[in-house]
Every structure is written in C-alpha cells, then in structure tokens.
Amino acid sequence: MVGPTASLSNLSRADGSASFKCPTTGYKILGSVNAPVELPGRRDALKPEEATVEVFIKPGNTTAGVGERYVEGIIRTMLQKLILGRERGFPRRGVVITLAIVGGGAIARGDSYLTLLPSLLHTSLLALLSGAVPMSMTYSTALVAVSKSNVIISNPTLVEAKAASSLHVLAFSSKGHLLLNESQGRFDFDTWKTVQQCAHALCRGVDLPEVDGDIAMEAQGDSGTAEGFVRETVENHLYRDYAWKIDTE
Amino acid sequence: MASPLVLLPGDEVPTRHLPSNKSNPLKLGPGLRLLSQPSSTSQNTQSQHVLAATQAGILTTDVKRNTVSLLSFPNRRYIPTVNDLIIAQIHHSSVDYFHCMVTPHTAHALLGQLSFEGASKKTRPMLRQGDLVYARVLSIGLGAGAEVELTCVNPATGKSEPGGLGPLNGGMVFDVSTGMAARLLRASSSSSEQSESIDGLVVLSELGKKLESLGGFEIAVGRNGKVWIDCSNAGESAVKATIAIGRCLQTVDEKGLGPTDQKKFVTRILREMKLVS
C-alpha cells in the first residue's frame, strides 16, 4: 500500500505550514498556521488567560459553507485541548489555522465530511509542529468504514466510503487517549469496539505492553502507522534544516 | 552523538540525555517544560519530575552551562524575550513612546522617546513612521497580553550597550528566518575562526573579504528575523552590493547551503552583479 505523502514549511510567509496527500481518498490539503497573532476586534470574545484557536477550511472550488463550519468546529474543539495556550506570548492571542483543499474530489453540499477529516487533522498537526506552537501531545487519526456485509475496511476509498453502512473517524493522542470519535451511519457497540481496535492499530500500531519512556518511543518508530509517519516526516525535515549542525558534530 | 534525538510534543526527555553536571541547577531552554507528576507507567519511583517537550525539535544539551533545549523549526514566529536584540519599525509616535512593529500582526512594542543614548527632552531623535531602530527588549511585562517594552540604551549606564543600538539610517532590511537570525547573531558573537566550526556560516566572512575593496559593509541582525545591511561606503555600487549581500543571506537561509556551497554562491552572485571580476 502506498503511504501518505507530506511536506513541511512549504509557505515562506506563514509561521508554520504543511501539505498532506492521502493516497486512498486522493485529497490534498495545504495548511498554514500563524501564531501567536493579534485577533482584531475580538477582545471581548477572547479568553483572558489563554490563546484562542481559530480554524478556517477553504474548499478548492467554492466558498466555505455549512459543512466546512461544522468540521471547523470539530477540529477547533480538539486542538484547543492540545495547544498550550498559556505559554509565553500566547495568552489573549490567536492561533489561526487555515486549511485549503487543493486537490482531490469536491465534497458537494450534504455529503459526508468524514472522509476528509483525517487529512485535515494530519495537516493541521504537521503545520502546528512546523510553526513551533506549544502543544501538550501529538495525535494521529484514522478513517474506518464498515461495509453493508459488516466487513471492516481500514483506509477506505471514496467509493467504499460511499457504499459503507457506517463511517468512523478516530483520533488517538501520542499517550494513547481517544481524542476524537466521529461516527455516522448505523452500527452497534460491538462493531464500534472492533472499529476502535482497528483504528488504534492504524494509528499507533499493535498494542505493545506499556514500557518505560524512551524504550516505548523506539518501538513506535515503525513507519507503517500514522503516528510513525508524522514522526518520520518531522525528523526528516529537522535533520535537513539542521544539517549544518549535525554534520559538524 | 550519532544521530541527534528528535522529540515531538509530549515526549519525555530520556534521563540519559541530560547533562550530568551537578554543580549548578539545570536550565531549561525553549520548548521544554517540567511536569511534576511521574508518569503512571514509570517503573522507577524516585523521579518525581519529568521533562516533556512542548514543540517538535532536536534535543541539544550544553554540559558546560548545564542547559537543555529544543532546536525547533527555524521559520517559526519570533516571541519577544528579555535582552534579545531586534530590529523594529516605528509605526507611530505618541507623547511618551514610539509604537514599534516587531513582528507582523502582533501588538506594537513600546520604545520610550527618551530611551536613546544621550537623549533629553531637547535632543531626542525625531523618528517618523517607517524608520528603523536597533533595540533591545527591556521587558515583556507580567501576565497575559502585557506590552513589550524596548530600549536603545542601557538604563544603568546611559550608554547604548551593546554598541550600535539606536536608529538605523540608510541601508535596507531583508527578512530571514528566525533560526537564521539566531545563527547569524551567534556566529558574530564568537570569533571568526570559531564561527565556522560552530554554525557552519562562512557567508559573512566571505562577503567581508570580497567586498573589502568596495569599503566593506555594515550589518545589524535582529532576532525577529530581520537583517539590516548598509554599504554606503561603496559609492556608486552601494545599492548593488546591498542587494547582493541580502540575496546571499536569504539564499543560504532558504536552501540551507553548506560552507563550500556558501563560498561558491557568494562568488557567483558577486560575479552576476558585476561587483568583483
């Protein structure tokens, strides 16, 4: 299977940016992060001691509508919990995340947004990392579909997702918490439980017995998982940026 | 160290990577925080504190100064820190303060009308909108949303320390990444032979050698990712030389050129601009 592709810091004027391409759904997302910035005219809406997270999604071929607003809300709620908005320079400022859908099929009004959600979440994570926004942990997400014959399809294509009886997007933090669960369609709890296990395997690999700090980290390094992919992308980029430092050591 | 350790937010710093200097307390650089709860899975119960990363970066330690810090992505936004040298642009002036822009889309920083060397009510510099100053961050205020204050003078001595603080006349400003600005400052603070080995930056010394015949150039680096360059001694080719230096610095930054490539690039640019034969 072809893995996703991503690159960091593509935009020179944004503080952080990333592009992400999902091979199965074909979506290509370009994300930028600007933080901390002053949010004009919102002094009353800002929290006094924390940063405000704003997410904007721009579809490639039309203006943002109800569907985009809905997904913006999901992403914002999740990221607000992870971004450390009390770090120096961040309180009363904004963390503005802009995600543009630059490739892949268009989502018509009323279509499910769940197929796009994992790509959007991965792009925002990579962009936040590249903008050095302080966060308490990272995360990884997976899309899982359950077909009419009750077969679990991990990383479904758009056709498979359309035919599925239920669709699930799950996000796990780098510490193993379930951060996000968005499901649609008909399913029962047992199905959801298998879906959860499948998504966990996609994100974080097979459950290893919990081990102490640095040993666990090396075990996670396998690149097949979504988490390993994020780590690998970041590592590659940092090694390239700091080649001048690493070479002299 | 064979390959340096990269941490993502939430990762704990392994104890074996910490400097084992017990004489003075360990200092944390940017991107790290101290969490006082031991992780539930931790087997050794003695350690009550863990160091966790809050940004993605390469872990670096300095055994001599007993510090740990994370080197994050170089194009991040500058966040003011006390004692940083920055290049600010005057936005407008009020009775007591000049309101300066340090980074785009952030609140203005304040620079006292009298915080210049030898300034008094009558001799203070008349700066106008768009003028540049080389200043030091005096304070970043307490609490959320506090104002940043700048100064061009050391309040204790009344001198502009370190030298060169004050209005920047003439010249031109180029944008570089904050990581590159920090590198340039570090390279200039150490002696020239050292800087090659520390930060792999030979572009400035190379430009200095090549442009000596034109009268050299002046440079001021701000931690907020701005570089001011002035070649007013170069006479007719002053503009050309300024642009050439700016292009060299920006390209070295963007492409991450190594020392030999930097030398080659400097020679190429100067030849293209017909500054040296």
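Nothing in this text is a laboratory measurement; each read-out follows from the coordinates by a stated rule. Quick caveat: nothing in here was measured; it's all calculated off a predicted structure. All Cβ positions, even for glycine, are placed from backbone atoms using ideal geometry, and neighbour counts span all protein chains on display.
Remarks
- Other residues lying with their Cβ under 15 Å from the Cβ of B:P25 contribute a combined charge of +3, Lys and Arg counting +1, Asp and Glu -1.
- The convex hull around the C-alpha trace of chain A, projected and averaged over every direction, spans 15.5 square nanometres.
- The antiparallel fraction among DSSP beta bridges confined to segment A:5-248 stands at about 85%.
- Whole-number percent relative contact order across chain A, with pairs defined as alpha carbons under 8 Å at least 6 apart: 18
- One chain, two ends: B:T267 and B:T123. Fully extended at 0.36 nm per residue, the span grows by 47.4 nm beyond their Cα-Cα distance.
- Rounded tilt (10° steps) of B:178-189 against the dominant C-alpha axis of chain B: 80
- Relative contact order (%) - criterion: Cα under 8 Å, at least six apart; region: chain B: 14
- Taking the square roots of five times each eigenvalue of the Cα gyration tensor of segment A:77-207, the equivalent ellipsoid has semi-axes of 29, 18, 11 Å, listed largest first.
- Long pairs among A:K245/B:K264; A:K81/A:K175; B:K240/B:K263; A:K58/A:K175; A:K28/A:K58, criterion Cα-Cα beyond 24 Å: A:K58/A:K175
- Antiparallel %, DSSP beta bridges [both residues in the protein assembly as shown], to 5: 90
- Net +/- balance of residues flanking B:E161 in space, Cβ distance below 14 Å, scoring K and R +1, D and E -1: +1
- Computed Rg/Rh of the protein assembly as shown, alpha carbon atoms with Kirkwood Rh: 1.01
- Rounded FRET efficiency, nearest 0.05, which uses the C-beta distance separating A:D188 from B:K255 and R0 of 60 Å: 0.60
- Within straight-line cross-link reach of B:K27, lysines at Cα separation under 20 Å, skipping those fewer than 8 residues along the same chain: B:K64
- From the alpha carbon centroid of segment B:206-277 to that of segment A:1-41 is 32 Å.
- Taking only Cα atoms of chain B, radius of gyration then Dmax in Å: 21.6, 71
- Distance between the C-alpha centres of segment B:128-165 and segment A:104-167: 48 Å, rounded to the whole angstrom.
- Residues A:Y113, A:Y27 arranged by fewest to most Cβ contacts within 10 Å: A:Y113, A:Y27
- Spin-label pair B:R247-A:V159: with each label point 7 Å from Cα along the Cα-Cβ axis, the two points sit 5.2 nm from one another.
- Rounded to 0.05, the FRET efficiency of the B:N83 and B:E236 pair, given R0 = 60 Å and the Cβ-Cβ distance, is 0.90.
- Net charge of Cβ neighbours under 13 Å - reference A:S119; Lys, Arg +1; Asp, Glu -1: +2
- Selection from B:T103, B:P125, B:G31, by position along the positive dipole direction of segment B:23-154 (Cβ): B:G31
- The value of relative contact order for segment B:69-180, using C-alpha pairs under 8 Å at least six residues apart, is 29 percent.
- Shown here for segment A:110-212: GluC sites (Glu not before Pro) in loop regions (DSSP other than H, G, I, E, B) with at most 12 other Cβ atoms within 10 Å, namely A:E210.
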